[in-house]
Structure formats: C-alpha cells, structure tokens
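See below for the structure under consideration.
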Amino acid sequence: MSTLTSSDPARTPAAEEAVTTRRAPAKDKRSFVDGTLNVFSHGFLLVWGLLTVLPLLWAVLSAFKSDNEILTDPWGLPGKLRWDNFTRAWTHGHIGQYFVNTGIVLVGSLTLTMLLGATAAYALARYQFWGNRIVYFAFVGGMMFPVVLAFVPLFFVVRDAGMLDTLPGLMLVYTAYSLPFTVFFLTAFFRTLPTAVSEAALIDGCGPFRLFFRVMLPMAKPGLISVGIFNFLAHWNQYLLPVVLLKDENKYVLAQGLAALAVSEGYRGDYSRLFAGLTLAMLPVLVVYAVFQRQIQAGLTAGQMK
Amino acid sequence: MKHGKWPLLATFLLPPLALYAYFVLSPYAQTFVISTTDWHGLSRNYNVVGLDNFKKLWNDEHVWNALLHNLWLLLLLPVVTILIGLFLATMLNVGGRSGRITGVRGSSFYKLVYFSPQMLSVAVIGVLWTEVYNPRSGLLNAALRAIGLDGLAQIWLGDPDVALWAIVAVMVWANVGFYVVLFGAAMQSVPKDIYEAAALDGASRFATMFKITVPLLWDTIQVAWVYLAIIAMDSFALVQIMTRGGPSFSTDVIGERVYDVSFGDSQFGYGSAIGVVMFFLTLSITVVALQLTRRERIELS
C-alpha cells in the first residue's frame with residue numbers, strides 16, 4: 001500500500017481522492033468491487049457472443065422448419081428435421097451448381113494468384129533493376145482504388161476478350177484484383193528471408209529458377225499460407241465482380257447465387273429453401289474456420305499489421 | 001549477379017504485370033477518360049463533353065444524398081466498431097483481475113465466436129440480416145415481442161428513418177470481431193507490468209483503457225481507422241443486397257449511385273464521373289485520417 005503515499009504529478013487531485021476513498025476500506029471491499037466488475041465484463045462478453053451467434057443459429061434452425069413455422073413462430077424450434085429443404089435448395093435452388101462453379105473458379109484463381117503473386121513479389125524483393133520501384137508501386141497502388149471505379153470499363157474489357165460469362169474469365173479477373181495485396185504482402189516477406197542461404201545455393205551452382213522453386217519458396221511457406229488463406233476467403237466470398245461479369249444463371253458463383261435466390265424468394269415465398277441455401281453457403285467455411293481458427297485469424301490480421 | 005537475371009525477371013514479372021495491366025490498370029485509367037464523355041454504352045460512339053458530367057453531378061441531389069449517407073457511415077462505423085472492439089479486447093486480454101493481469105476465462109472461445117462473421121461473404125451477411133430484420137418473420141421483431149417491447153418493433157429496412165442505421169448495425173456486427181482479434185494481438189505485445197503497475201496504483205478500468213491501452217495501441221487503432229473509413233466509403237455490396245439504396249433513397253450510398261447510374265440507366269459517362277469523385281474522396285479521407293491520427297510513437301521497453 002506504499003504506492004498510496006507516493007505522489008504522482010500526472011494524477012489529478014480528483015482522481016487521487018477517488019483512489020484513496022476506494023482504497024481506504026481495506027481489501028475485501030475492493031475484491032467485491034472487482035467481483036461485480038468481473039460479472040459485468042463477462043456479461044458484456046456474453047452479450048456480444050450471443051449477438052454474433054444467435055442470427056447464425058437462427059438461420060440454421062430455420063433451415064429445418066416449414067414455411068408456416070418460419071412465418072408464424074420465428075423463435076420456435078422446428079417441429080421435425082426437414083432435410084428435404086436442403087435437397088430443394090441444392091437442386092431446385094441450384095446451390096449445388098453454384099458450389100461447383102465456385103470450386104472450379106477457386107482452384108484456378110487461387111493457383112494463379114499464388115504463382116503469379118509469389119514470382120512477381122520475389123523478383124521485386126530480391127532483384128535490383130531499373131523500374132523496380134515503379135512496378136512495385138503500380139501493383140501496390142491498386143489497393144487504393146475502390147473496385148466500383150473499374151466496373152464499367154472492366155465489363156467491356158472482359159467482353160472484348162470474349163470472356164464475359166465464362167468461369168476462366170472470372171479466374172483471371174480474380175487473380176488480377178488479388179495481385180496488389182498478394183504482391184505487397186509477399187514482397188515484404190521475401191525481404192525478411194536471410195540472403196546467406198540463397199548465396200550459398202548460388203555458389204553451389206544452383207540456377208536462379210531452381211533457387212526460387214527449391215529454396216526460397218519452401219522458406220516462404222508461412223507467408224504463403226497467410227496470404228493463401230486471405231485469398232481463399234476473398235475469392236470464395238467475392239460478390240461484386242461476378243455480379244458484373246456473369247449474367248448466365250448457370251455460371252453463377254455461390255455468393256451471387258444466394259443473393260439471387262433471396263430476391264426470387266421474395267416473390268415465391270419459399271423461405272425454408274432460402275434458409276437451407278443460406279446454411280449450405282455458410283456452414284462449410286465456418287467448419288473450416290473452427291478447425292484452423294488460429295491460422296485463419298493470424299492470416300487475416302497479418303495484412304493489417306503492416 | 002551476372003546478366004543472367006533478365007530471363008528470370010522477364011518470366012517472373014511479365015505475366016503478372018500483363019494480367020494486372022489488362023484487367024486492373026487499364027479499366028481504372030479508362031474510367032477517368034469515360035468520365036469526360038457522354039457514352040451510353042450501346043455503341044462505340046460518344047462525344048467528349050469535358051467537365052459537364054462533373055457540373056451535372058454538383059447539382060444532382062441524389063449524389064449529395066448518397067454522399068451524406070457515406071459521411072454518416074464514415075463518422076459512425078469507425079468510432080463504434082473501434083470502441084466496441086477495444087472494450088471487448090480489453091476484457092478478453094487484461095480483463096481478469098483476480099490478483100494477476102490475465103484474460104478472462106474462455107477468452108479463446110469468445111475470440112472464435114466474435115471473429116466468425118469474417119468468414120461469411122457479404123452476400124450471406126446481407127441475406128441473413130435482411131431476414132433478421134423481416135418485420136413479420138424476422139428474429140429481431142420476434143425477440144422484441146418476446147420480451148414485451150412490442151412498441152420497439154419496426155419495419156426496419158422498410159422505414160426510411162431507420163433503414164440506414166439498421167445497415168450500419170450490420171456493418172458493425174460483421175467487423176467488430178476482426179478488431180477484437182487485431183487489438184488483442186497488439187495488447188499481447190504490451191508488457192504485463194505496465195498493466196500491473198496501473199492496477200497497483202488503483203487506476204480504474206476506464207482510466208486504464210484511455211490512459212494506457214489507447215495510447216499504447218495507437219498505431220493499430222490508426223490502421224483500424226483508415227481501414228474502416230475505406231469500408232465505409234466502399235460499403236456498397238451490402239446496400240446492394242439489402243435495400244438497393246431504398247426505401248426512397250434513404251440508404252443510397254455513392255457506390256450504389258455509380259452502379260445504378262451506369263448499369264441501370266446506361267449513363268456510363270456520368271456514372272464514371274461519380275466514381276472518379278468517389279475515388280478522390282476516399283483518397284483524401286485516407287490521407288486526412290493518417291494526418292489527423294499521427295502521434296508520436298510510444299516505444300515499449
């Protein structure tokens with residue numbers, strides 16, 4: 001308790017008074033105050049937890065309900081588990097088709113993004129040449145622009161390339177729009193790798209391409225995983241680009257298809273199918289997230305810490 | 001290195017650069033050109049009209065209306081999200097105070113839950129919350145009625161006075177978890193003895209938060225601010241899914257204007273001009289935010 005008597009110039013008299021009065025009636029009062037505060041803080045944590053979980057849980061439960069149950073008793077539990085809602089969403093709601101389309105696009109776009117992003121970042125991080133800074137800032141500057149700004153010309157650029165309404169077209173566009181962040185992140189990462197290893201490899205007669213694929217790429221694995229997770233989620237969840245570039249309903253990706261389903265439910269009133277589709281769209285990522293939460297949280301926040 | 005570096009540079013840089021230039025740089029550049037034309041998109045013919053689109057924009061009440069909504073988002077979203085994020089992160093990481101400075105029990109579970117909306121696409125979030133706000137069958141009105149607050153039940157997205165705030169709430173809901181984790185990571189790097197010293201000196205939690213946590217985390221908060229400001233300017237996907245700017249333009253934002261004017265009315269020249277204005281606004285807001293929040297860095301250790 002000696003701290004009480006030590007004077008602190010920064011502390012205001014009022015605060016001092018508050019401290020003394022709070023400190024004076026010995027220890028049990030204080031732990032009582034802390035006890036209530038702990039209940040409070042747990043209360044707040046719990047409230048926000050419920051706010052986050054309840055809407056998600058509600059959507060999953062509603063997916064098992066009948067339309068009548070959904071409309072008349074929003075808080076009630078489903079009378080029985082109606083799995084056929086999911087069947088209808090998967091087939092008639094075309095969610096199955098959208099899943100396949102998203103998967104196809106993702107395989108191509110993620111592979112391309114990682115390959116092109118890593119090679120560009122490596123060249124920019126490890127080689128001195130005229131124009132290095134210009135190229136770097138051309139890439140990184142892309143992060144500054146809102147995507148909406150490119151929509152109109154992008155539509156015509158993709159149309160002129162004959163890739164409107166095609167999944168390969170979408171792959172290329174996803175890749176191009178992911179390059180700024182990927183190059184930014186991986187350039188920083190490649191710079192941190194020790195030069196001694198690559199020098200040793202070069203002296204041992206390792207060619208520059210071999211050096212990259214056999215030595216540098218494995219060393220950059222943690223960075224590649226982080227940015228890979230980031231891009232995976234960005235491509236899986238992408239909504240605006242497909243809305244502009246895909247008009248053919250058979251080519252829709254998941255996010256876009258779900259939004260379209262929601263619009264059409266407004267007319268048809270098939271709510272259970274909509275909730276089933278919603279559940280199908282969100283559960284896979286949430287399950288993957290529950291398993292890899294540490295890596296995913298680190299991967300997504302890493303980009304912000306720069 | 002000998003002349004051998006050029007083959008590698010060419011193979012490594014040219015393909016990504018070509019792709020990037022074709023799909024990203026060229027569209028962005030074209031937008032600026034198109035914004036000075038009256039192009040309607042049907043043919044290749046257009047007239048250069050100079051700055052006419054920008055003059056028209058100055059007198060377009062819908063543009064001002066949308067900008068005002070962006071301004072509200074810009075004020076509310078960062079402040080509310082950062083405050084809730086800081087508060088929850090403090091509770092999770094230095095909230096436990098029984099003798100030692102620790103996180104509360106179950107903090108990793110809370111983090112798991114809070115962060116989960118980050119996994120969901122804007123489409124899932126938009127569709128989900130449109131249903132939550134559904135006046136007849138939605139979760140929210142049902143909850144209010146269940147606890148006897150029937151009077152507070154609203155038509156939410158259908159009410160021009162409420163719809164924008166309902167959308168802001170969804171954006172806060174979706175983003176808080178990210179900043180809880182981000183601030184939490186930053187708090188972990190603050191030496192524990194600083195908090196212990198504050199606790200010994202009898203500093204209240206409130207004082208600890210604003211006198212210790214906020215100054216020490218200022219760099220991270222600044223980044224969060226800029227990032228949320230960009231989200232607030234770019235908040236168009238959610239609006240597009242939930243309300244399409246309605247009812248009667250009450251949730252219209254500048255991105256929605258660009259989209260509607262361009263693809264709805266086929267006024268590509270005018271739409272691009274709005275987009276260009278939006279770009280310069282975002283850019284200047286970022287610069288201003290970085291300047292305003294600049295402070296001397298506090299060195300730990």
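What the table shows:
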read-out	value
Efficiency of FRET from Cβ geometry, A:Val39 and B:Glu61, R₀ 35 Å, rounded to 0.05	0.10
0 to 90° range, to nearest 10: angle between helix B:163-188 axis and chain B longest Cα axis	50 degrees
Shape of segment B:59-292, Cα gyration tensor, a/c cut at 1.5	oblate
Cα centroid separation - segment B:105-145 against segment A:192-232, whole Å	41 Å
Dipole in debye (nearest 20) - segment A:85-305, about Cα centre, beta carbon charges: Lys, Arg +1; Asp, Glu -1	300 debye
B:Gln188 paired with A:Val53, simple spin-label distance in nm, labels 7 Å along Cα-to-beta-carbon	2.3 nm
Most mobile listed residue (B:Leu290, B:Leu83, B:Leu17) in chain B, GNM with C-alpha springs under 10 Å	B:Leu17
DSSP-assigned coil residues among chymotrypsin sites (Phe, Trp or Tyr not before Pro) in segment B:158-227, each with at most 14 further Cβ atoms within 10 Å	none
Listed residue (A:Phe190, A:Leu179, A:Gly93) projecting farthest to the positive dipole end of the protein assembly as shown, Cβ model	A:Phe190
For A:137-148, mean number of other protein chain Cβ atoms within 10 Å	6
Residue-averaged [θ]222 nm for chain B, counting only DSSP H segments that reach four residues, each worth -39500 (n - 2.57)	-19500 deg cm²/dmol
Sites B:Ala207 and A:Leu283 - FRET efficiency at Förster radius 41 Å, r taken between beta-carbons, to 0.05	0.40
Distance between modelled label sites at A:Leu115 and A:Thr166, nm, 7 Å Cα→Cβ extension	1.7 nm
Within the protein assembly as shown: Cβ-based charge dipole about Cα centre, in debye rounded to nearest 20 (Lys, Arg +1; Asp, Glu -1)	1680 debye
DSSP-assigned coil residues among trypsin sites (Lys or Arg not before Pro) in segment B:1-92, each with at most 10 further Cβ atoms within 10 Å	B:Lys2, B:Arg44
Cα gyration tensor, segment B:14-68 - rounded (a/c under 1.5), prolate or oblate	oblate
Student exercise, segment A:71-199 dipole from Lys, Arg, Asp, Glu Cβ charges, in Debye to nearest 20	140 debye
Test item: B:266-273 mean partner chain Cβ contacts at 10 Å	2
Percent RCO, i.e. relative contact order, over chain B, from Cα pairs under 8 Å lying at least 6 residues apart	28 percent
Label-zone membership for segment A:222-237, site A:Asp204, 7 angstrom Cα→C-beta point, backbone N under 17 Å	none
On Cα atoms only, tilt of B:218-233 relative to the major axis of chain B in degrees	40 degrees
Average beta carbon contacts from partner chains per residue of B:125-137, 10 Å cutoff	6
For the protein assembly as shown: rounded, prolate or oblate by the Cα gyration tensor [a/c cutoff 1.5]	oblate
Ordering of A:158-169, A:273-284, B:145-156 by packing [mean C-beta count within 10 Å, highest first]	A:273-284, A:158-169, B:145-156
FRET efficiency for B:Gln222 and A:Trp83, using Cβ-Cβ distance with R0 set to 56 Å, rounded to 0.05	0.70
Most to least packed among A:67-73, A:175-181 [average Cβ atoms within 10 Å]	A:175-181, A:67-73
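Every number in this text was worked out from the coordinates using simple rules, so none of it is lab data. Quantities reported herein were computed from a predicted structural model and do not represent experimental measurements. Cβ: placed from backbone, ideal geometry, glycine included. Neighbour counts: every protein chain shown.
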